Amino acid sequence: MIASLLGISPAHWAALLAGLKWTIFLSVVGFLAGGLVGFIVALSRISDSVVVRAVAVTYVNLIQGTPLLVLMFVLYFGLPVFGLEMPPLAAACIAMTMFSAAYLGEIWRGCLQSVPRTQWEAADCLALARWERMLLVILPQALRIAVPPTVGFMVQIVKNTSVASVIGMAEMTYIGKLINNATFQPFRTYLIIAGLYFLLCYPLSWLSRRLERKLNVAHR
């Protein structure tokens, strides 16, 4: 019934849903793996070691200064030159992880540094170890600040999964291109894809705005 109302065949609809699953998979990988690396980047950016900070800054500037499309091209087409074959799924996952880590690392670095300096000094006065100060004092306060922009950035992760279509990753945009090549109905096909992206992204945008109002530390 839905397929007939949208003007596409059940087979094409099933293919789009399969592509949607891969879009969600890439988004989850990008957020979880990118979040793990991004947390390390955030801590490195505020490290006492000049070398560690320099490495983190170089990574952030390099990744943020490189388009995600180029990053995927380098991984998928560049590494085989050195004898390392990279499947589309692996290249897409690694690229999404590197991309997300650079931006989440900067978001969380800003949240850590936005915790009032007096809180850092109070933790020092309690003679807490560095990890205790971070875990018990700083992170709980930074977490409240970090939640809204983190959820908001998840929207960017979802939308950027479409870039994986250029290396043959069978996510939603790539499936849409195949359907368009078979039906020659680009407007209808990509309008449906836009609707599916909207269904993924709008709840995250709404949640981000709601959390921003609820966790607004400026009025606490």
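The values are calculated or read from the model by the stated rules, or taken from the named source; none is laboratory data. Just so it is clear, the structure is predicted and the values come from calculations on it, not from any experiment. Please note: Cβ atoms are built from the backbone with ideal geometry, for glycine as well, and neighbour counts cover all protein chains shown. Heavy atoms of the whole protein, side chains included, go into the accessibility calculation; ligands, DNA and RNA do not. Shrake-Rupley method; radii C 1.70, N 1.55, O 1.52, S 1.80 Å.
Polar (S, T, N, Q) and part of a helix (DSSP H, G or I), is that true of Thr58? Let's see the steps before the verdict.
Numbers: polar (S, T, N, Q): yes; part of a helix (DSSP H, G or I): yes.
Yes.
Taken over segment 163-185, the residue count meeting the criterion of being assigned to a helix (DSSP H, G or I) and free of Cβ contacts under 8 Å to residues at least 24 places away in the same chain is 4.
Considering only residues in segment 116-129 that are open to solvent by 40 Å² or more (accessible area, probe 1.4 Å) and part of a helix (DSSP H, G or I), the one that is farthest from Val166 (Cα to Cα) turns out to be Cys125.
Mind listing just one residue for me: the one in segment 187-200 that is open to solvent by 70 Å² or more (accessible area, probe 1.4 Å) and not aromatic (Phe, Trp, Tyr) and, of those, nearest to Ile8 (Cα to Cα)? Within segment 187-200, the match that is nearest to Ile8 (Cα to Cα) is Arg188. If the condition is being small (Gly, Ala, Ser), open to solvent by 20 Å² or more (accessible area, probe 1.4 Å) and part of a helix (DSSP H, G or I), then segment 77-115 contributes Gly78, Ala90, Gly110, Ser114. The set of residues in segment 190-216 being within 27 Å of Ile179 (Cα to Cα) and of a type in the set (A, V, I, L, M, F, W, C) consists of Leu191, Ile192, Ile193, Ala194, Leu196, Phe198, Leu199, Leu200, Cys201.
Scanning for something closer than 18 Å to Gly105 by Cβ and either in contact with a helix residue (DSSP H, G or I) (Cβ under 6 Å, 6 or more places away or on another chain) or assigned to a helix (DSSP H, G or I) (or both), does segment 65-76 turn up at least one residue? Yes; the residues of segment 65-76 include at least one that is closer than 18 Å to Gly105 by Cβ and either in contact with a helix residue (DSSP H, G or I) (Cβ under 6 Å, 6 or more places away or on another chain) or assigned to a helix (DSSP H, G or I) (or both).
Could you tell me whether Leu68 is more than 24 Å from Phe25 (Cα to Cα), among the hydrophobic types (A, V, I, L, M, F, W, C) and within 21 Å of the chain's Cα centre (by Cα)?
Working: more than 24 Å from Phe25 (Cα to Cα): no; among the hydrophobic types (A, V, I, L, M, F, W, C): yes; within 21 Å of the chain's Cα centre (by Cα): yes.
Against the criterion (more than 24 Å from Phe25 (Cα to Cα), among the hydrophobic types (A, V, I, L, M, F, W, C) and within 21 Å of the chain's Cα centre (by Cα)), Leu68 does not qualify.
Residue under question is Arg53, and the condition is that it be of a type in the set (D, E, K, R) and surrounded by 15 or more Cβ atoms within 10 Å (Cβ to Cβ); does it hold? Before you say what the answer is, go through the steps one by one.
Values: of a type in the set (D, E, K, R): yes; surrounded by 15 or more Cβ atoms within 10 Å (Cβ to Cβ): no.
When the stated conditions are applied, Arg53 does not pass them.
Within segment 133-155, residues that are over 23 Å from Gly30 (Cβ atoms) and touching a residue at least 12 places away in the same chain (Cβ under 8 Å) sit with their Cβ atoms under 6 Å from residues that are open to solvent by 30 Å² or more (accessible area, probe 1.4 Å) and not in a helix (DSSP H, G or I), at 6+ positions apart or across chains, in these pairs: Arg144/Leu215.
Answer yes or no: is there a residue in segment 49-58 that is of a type in the set (S, T, N, Q) and at pLDDT below 95. Walk me through it before giving the result.
Pass one, segment 49-58, residues of a type in the set (S, T, N, Q): 49, 58.
Those still in the list that are at pLDDT below 95 too: 49.
Looking for residues that are of a type in the set (S, T, N, Q) and at pLDDT below 95, one finds at least one in segment 49-58, hence yes.
Can you name every residue in segment 87-128 that is of a type in the set (Ser, Thr, Tyr) and either in contact with a His (Cβ under 7 Å, 6 or more places away or on another chain) or closer than 24 Å to Val57 by Cβ (or both)? Working first, answer last.
At the first step, the residues of segment 87-128 found to be of a type in the set (Ser, Thr, Tyr) are 97, 100, 103, 114, 118.
Selection gives Thr97, Ser100, Tyr103, Ser114.
Can Phe31 be described as under 14 Å from the mean Cα position of the chain (by Cα), open to solvent by 60 Å² or more (accessible area, probe 1.4 Å) and closer than 30 Å to Arg133 by Cβ? Break it down into steps so the answer makes sense when it comes.
Values: under 14 Å from the mean Cα position of the chain (by Cα): yes; open to solvent by 60 Å² or more (accessible area, probe 1.4 Å): no; closer than 30 Å to Arg133 by Cβ: yes.
The answer is no for Phe31.
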